[in-house]
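Worksheet: one structure, shown below.
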Amino acid sequence: MAWFVLVVSGVLEAVWATALGASQGFSRWRPTLLFFVALTLSMTGLAWAMTSLPTGTAYAVWVGIGATLTVLWGFLTGKDRATWGKSLLLVLLIGSIIGLKAVS
């Protein structure tokens, strides 16, 4: 169950990171509200997962999922340009996340 909560928390990290950018310095209320809700849920889930998973592993997986999804969202929305190099690095990051789960 801790791994499931950790993955959901990682997804929520991507949500709050994207909402933070869309809030334009907290000047837009909807993305700002989404940021605070997603941030709270993401941190709460991470904290809960860390009660049964090693801190370093949990944090690395949480950040890796959030970073990967945030970059992929940028690719999909056209705010970031997909290149072979970025794509290869994302594949390596995903492989590292899977590897951390496999050895835990």
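Taking residues in the range 20-32 that are closer than 17 Å to THR70 by Cα, and partners anywhere that are of a type in the set (D, E, K, R) and open to solvent by 100 Å² or more (accessible area, probe 1.4 Å), the pairs with Cβ atoms closer than 8 Å and at least 6 places apart or on different chains are ALA22/ARG28. Whenever a residue of the range 92-104 is over 10 Å from GLY64 (Cβ atoms) and of a type in the set (S, T, N, Q), its partners that are assigned to a helix (DSSP H, G or I) and open to solvent by less than 60 Å² (accessible area, probe 1.4 Å), lying with C-beta atoms within less than 8 angstrom and at least six residues away or across chains, give the pairs SER104/THR57.
Kindly establish whether VAL15 is of a type in the set (Val, Ile, Thr), open to solvent by less than 70 Å² (accessible area, probe 1.4 Å), farther than 18 Å from ILE98 by Cα and assigned to a helix (DSSP H, G or I). Yes; evaluated as a whole, the condition is true for this residue.
Against the criterion of being closer than 18 Å to SER9 by Cβ, surrounded by 13 or more Cβ atoms within 10 Å (Cβ to Cβ), of a type in the set (A, V, I, L, M) and at pLDDT below 95, LEU100 qualifies.
The values are calculated or read from the model by the stated rules, or taken from the named source; none is laboratory data. Computed from a prediction, not measured in an experiment: that's the story for all the values here. With ideal geometry, Cβ positions are generated from the backbone for all residues, glycine too; neighbour counts draw on all protein chains shown. Remember, those area values only see protein heavy atoms, side chains included, never the ligands or the DNA or RNA. Shrake-Rupley method; radii C 1.70, N 1.55, O 1.52, S 1.80 Å.
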